[in-house]
Every structure is written in C-alpha cells, then in structure tokens.
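> I have a structure I would like to understand better, so I am pasting it below and will then ask my questions one at a time.
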Amino acid sequence: MNIGLIQKAAREVWGGTLAFAAGLFAFELLLGVILPAFQKEFGEMLGQFSFLQRIIAALLGTKVGTVTPATALGLLGWVHPLVLALIWAQAIVICSRFPAGEVDRGTVDVLMSLPVTRTTVFLSEAFAFVLAALFIAGTGLLGNLIGGWISGMDRPGSPRTFAWITLNLYALGLTVGGVTSLLSALCDRRGRTIGIAFGVLLVSFFLSSMSSFNALVDKLSILSLLSYYRPYQILHEGAFPFADLAVLLSISAGTWLLGWLILLRRDFRIV
Amino acid sequence: MSVIRLEAISKRYGLRLAVTAITLEVPQATMFGFLGPNGSGKTTTIRMLMGLLKPSAGTAYVLGWDCWRQSERVKAEVGYLPGDLRLPSWLTCREALRLFGRVRGRDMTRHGLDLAGQFGLELDLRVRAMSRGTRQKLGLVLALAHAPRLLILDEPTASLDPLTQETLYGLLRRAVSDGATVLFSSHTLAEVEDLCSHVAILREGRLVANASLDALRAQASRRVTVRWQSLDSANRATPANGVEWSDRSGLQWRGEVRGSAADVVRWAATQPIEDFVLEPPDLRQIFQGFYVGDHSSSVDRAARRSLGPSPQPSPWEGEGVRR
C-alpha cells in the first residue's frame, strides 16, 4: 500500500461515503423511532397479506410462520430494501472506481505513471473501501440503536447479536465490493461495471425474496448473496454466523483475488 | 548508453496490428523526436514504454529495466505527459505536487512551485476550473517536478500558447544539457526541427526512419531563387553547376540545389543578379515524404517528388542567404 494513494482514494470517496452513511443513519433512526407506533397495524397487515409475510420471512433468512410481528419489526431495519440498496450502492460506487472508472475518465495514464505497482494501487483502493464499508455498517448499527433507545422499543435480541448482524451485513458489503472489483478489472467503462453489478444484485434480491413462492427459485436461491445474510437466524439462535460469514468472505476473497490477477495482466487502453 | 531500447516490439489489438516489430534505441541526453501521422502507433509505443499496455511481442527497456515487468522502477525515473491529459477534477496544482510527491516518496513541492511560477499557473485553482492549456501546463509541471532522467512527452505543445511553448522549449533544452533524455512526440514539424537532434518516424505501425537531423539535412535539397536585373541579363547568364531549374521563365528563376551550396553561391556572385535566395534544407518535405509513404528507397527521391505539387511561397519572405 502507498500512503499517497490511500489519501487520493480517501479524498475521492469520503463525500459519497459520508452521504450514504448519513442516509443510512437517518433511515435506521427513523425506523427505530416510528415503527413501534405501528406495531399493531403492522401485525394485522402481515396477517392479512400472506405474500408480504413470505417476502419478509425470506429476507430475514427464515421460513413463514416462524417470525412474529414484533421480531419482524425489530429486524426490518436490517433487511429493508433501502438499507440494502445503500450498502450495495456504496460498495459499487467505490469499487468501480479502479480500474474501470480511471480508464473511463482517462485519468489512469497519470495515476499509472507514478512509480507504484498495479498491486499497490489495488491494495490502496481496497483498503480505502474496507474502511469506508466498515464506517457505513457501523453508522447503520448506531442509527438503529439510537432509534430503538429513543422509542423505548423492546429489542428482540441482545446488543451482541445486533453487532453480529452488523458484521454479517459488513461481510455482504465486502462481497458486493469484491464482485464489483472483479467486474471493474474486466471493463473499460464504469457505467457498464455499475450496471452489471446492480444486475447481479437485483437477481440476488429476486431469488431471495421470491424463494418462498416457487420451488425452483428456492433451489436457485443458494446462488443469491442474500442467502448468506440471515439476521433472523442470528437473532433466533444467538450464535455467531460462522457458516454465512465463511461463504461471504470466501466469495469476497475469491472475487478480489481474481480481480487482482486480471488487473495484473490487462491493458489500459484509451476509451 | 541507450536510455530507451525497443527490441522488435509489437502490439496487436484483436486482428489489428497497431505496432509492428519496432526496434529502436534512444541515446542519453538527446532530444528525440517521435513523429508520424495519426494512428501510426506513436501513442501505443509510448504507452508500452509506460507499462500501460503489454507488448504482444518483443521487449521495451528504459534505463535497462523491462517496461512491463519492472514498470514501477521505470516510472520512478520517467516524467510522462499523456497525449490526452486528464486529471482528477478536484486536484489543484499545490495538492497535486504534495500528493504526487508523497506517492513518489520525494519532495516535489520546491521544484514544482518554481516550474508552476515559470508557467504562470495558479496554485489553488481546481482542475475542473482550468482551461485545456492550463491543465496541460499542470501536466508538464507534474512530469518535470521530480527532475526525471527521461521525459516522455506525447504532443506536449498541442494546446499551449506560443509563449508557454518557448518556456517549455527552454526547460527541455536545460534538462537535456543536464543529462536528461527527452522523447518528444509531435505533429509540428518546425518544432521538431528546431528542438530535436534525432528523429524516428512511424507510419502504419512501422518504423520508417530513424536518423539524426543532421543526417536528414545532409540528404535534403535546398531551394534556390534568383531574380535577374533584366531579361537580357537572364538570357546572358552562364549555366550554374549543380542547380536543377524548375522554372526559368521571366526575371525570376526557381530551382533546387543538387550539388554543393557553396558552388552555387560562388556562381551567383559572378552573375548580373538583383536578388538571390538560398533556402535552408527543407526537412518538412522529407518528413511529408515519409508520412505519405513515397520514401521507400531514398530520401532524395521523396523530397523531389513532394516538391512538385506543393505551393511555392515567395522566397523573399522566408529565411535564406541573400546577397
């Protein structure tokens, strides 16, 4: 790693990271504050619309019938599409910057004229992302805790289990970053990188949220990244999510490694 | 010692061969012109030198280091200005010097600020607010500020005003006199003629010429123009040895010196001539000969061919030897 390159990356990602973090914090805070007031209506709505119950149960990582309205409400802040979208968007925005973004905006010539290896640039960029993703996930947890504290809502689990859920969410973010980094190493256009990455995540989301409606989709949902992010399991079992973290971190490490290997061999062409 | 050594270097993009087996050496402390029409492979060659592109075949060396395998060592000694310079929009000159110095592990600020002063750069203006020429100046400052042993400049004067161009020429001449080497890609032939001691010319990805400018000048023909005092004196003129006249009508004769220029001057001194212009060797014609591809066998033939259809500016307005 190179301190100058880390500073450059930090200079370029801090604004976006702060904006995503502020959005996530505000949303988690708001959910924590307002949701308890709607607990009764929420329970009735879940009972009335079984498909909603199925989708929420699938996103929480469990089967229908095991989630009570109170639990679903307590965990909604961790699986809400907006929360996932913010985490994913931040990962995609940062990890598509190098090399695809640099090639796309033509700044790669100046960057790579500096006396550093491609590996050094890669590691410096990855380091900046790992810290930014940690900051985002931590901010989400903070917003959730403060929101719950303001509303006085009874939490369905201990603070430790929520820290593990945050860790699981962080690992999901790292994996999305890894997939994006791999795509970025393969592409010359940042827009294309972002488009494909979002496509992959939309398919993931579709497989997870629809898994309880169709047997085939249920079988295929093993391919979804969201299958390894199961807040309900962590809450219910109170156990550290070793298996899910192992899968996510393996995918993450594999995609980062593959992206790095491609980066070492690729040309930086003028686009 | 060769600062740059290209050994049969080629680059293929799919089916298209952008650069074909270029072998070239650039000696130390020279200003080396790298010429060729658009799409001839200059930028591709330069990008292989910078480790941005991997050669499909052959090897490029800078200061003895392999440009692909040891690119970070190469880049520590090179100052590079890309042809299409793009910089992060948030950067200012001051920030860039600090940041690039930190990446390079050396203080670039002192020399960089001095260069910025010479180019008249505003230190705290962001790139997004800079004109193209100002961005080019910043690129030059960043290429020069670490006092590199090799400067690779891809069309550096393309968007610079004449005053800034002169400042750059001065800096480059000083760098060469201090032992640095400059590889200078340009479309402006007059600039290359003025600055460079050696040139290499590419066409369609192949090296078609590699020579010192003195060698090219020695092969280039000179134009001569004579204005007689009267038609009668023109008719009474004795034949000039070594001049091939292309136009002998009226009072003004035009031709090309095929022999010794000194002989022609001596001949002119004995004639009833009102004015006499002997132009310097016309390298532009030679370069153009290489560009359009009729330089296959000899420099002289290409120069002769290209002389024909070109417009003839009045020699009395140009530089030359006057009597």
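> Does B:I46 qualify as being away from every other protein chain (no Cβ under 14 Å) and touching a residue at least 12 places away in the same chain (Cβ under 8 Å)?
Working: away from every other protein chain (no Cβ under 14 Å): no; touching a residue at least 12 places away in the same chain (Cβ under 8 Å): yes.
For B:I46, the condition - away from every other protein chain (no Cβ under 14 Å) and touching a residue at least 12 places away in the same chain (Cβ under 8 Å) - is not met.
Residue by residue, here is whether (1) more than 25 Å from the chain's Cα centre (by Cα); (2) at pLDDT below 95 holds:
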residue: B:R12; (1), (2): yes, yes
residue: B:A18; (1), (2): no, yes
residue: B:Q28; (1), (2): no, yes
residue: B:G39; (1), (2): no, yes
residue: B:Y61; (1), (2): no, no
residue: B:V103; (1), (2): yes, yes
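> Next question. Being surrounded by fewer than 18 Cβ atoms within 10 Å (Cβ to Cβ), at pLDDT 90 or above and small (G, A, S) is the filter; apply it to the stretch A:195-226 and report the residue that is farthest from the chain's Cα centre (by Cα).
Ranking the qualifying residues of the stretch A:195-226, first place goes to A:G195.
> Next question, about the same structure. Only one of (1) farther than 27 Å from A:D244 by Cα; (2) crowded, with 20+ Cβ neighbours inside 10 Å fails for A:I94. Which number is that?
Tallying (1) farther than 27 Å from A:D244 by Cα; (2) crowded, with 20+ Cβ neighbours inside 10 Å, A:I94 fails exactly one: (1).
> Just checking, which of B:V176, B:V208 is within 29 Å of B:S10 (Cβ to Cβ) and either in a loop (DSSP other than H, G, I, E, B) or in the same structural domain as B:A29 (by TED's automatic domain parsing) (or both)?
Values: B:V176 fails: within 29 Å of B:S10 (Cβ to Cβ).
Sole residue among the options that is within 29 Å of B:S10 (Cβ to Cβ) and either in a loop (DSSP other than H, G, I, E, B) or in the same structural domain as B:A29 (by TED's automatic domain parsing) (or both): B:V208.
> Still on this model: Go through (1) surrounded by 18 or more Cβ atoms within 10 Å (Cβ to Cβ); (2) more than 7 Å from chain A (Cβ to nearest Cβ) for B:P82 and report which single condition fails.
(2)
> Only one of A:A85, A:A57, A:A19, A:A26 is more than 14 Å from every other protein chain (Cβ to nearest Cβ) and either modelled with pLDDT under 90 or surrounded by 20 or more Cβ atoms within 10 Å (Cβ to Cβ) (or both); which? Don't jump to the end; show me each part of the working.
On the way: A:A85 fails: either modelled with pLDDT under 90 or surrounded by 20 or more Cβ atoms within 10 Å (Cβ to Cβ) (or both); A:A19 fails: either modelled with pLDDT under 90 or surrounded by 20 or more Cβ atoms within 10 Å (Cβ to Cβ) (or both); A:A26 fails: either modelled with pLDDT under 90 or surrounded by 20 or more Cβ atoms within 10 Å (Cβ to Cβ) (or both).
Of A:A85, A:A57, A:A19, A:A26, the one residue that is more than 14 Å from every other protein chain (Cβ to nearest Cβ) and either modelled with pLDDT under 90 or surrounded by 20 or more Cβ atoms within 10 Å (Cβ to Cβ) (or both) is A:A57.
> Quick one: would you say A:R118 is out of contact with any strand residue (DSSP E or B) (no Cβ under 7 Å at 6 or more places or on another chain), farther than 21 Å from A:G101 by Cβ and among the basic types (K, R)?
On the way: out of contact with any strand residue (DSSP E or B) (no Cβ under 7 Å at 6 or more places or on another chain): yes; farther than 21 Å from A:G101 by Cβ: no; among the basic types (K, R): yes.
So A:R118 does not fit the description; no.
The values are calculated or read from the model by the stated rules, or taken from the named source; none is laboratory data. Because the structure is predicted, anything quoted here is derived from the model rather than measured. Quick reminder, even Gly has a Cβ in these numbers, built from the backbone with ideal geometry, and neighbours come from all protein chains shown.
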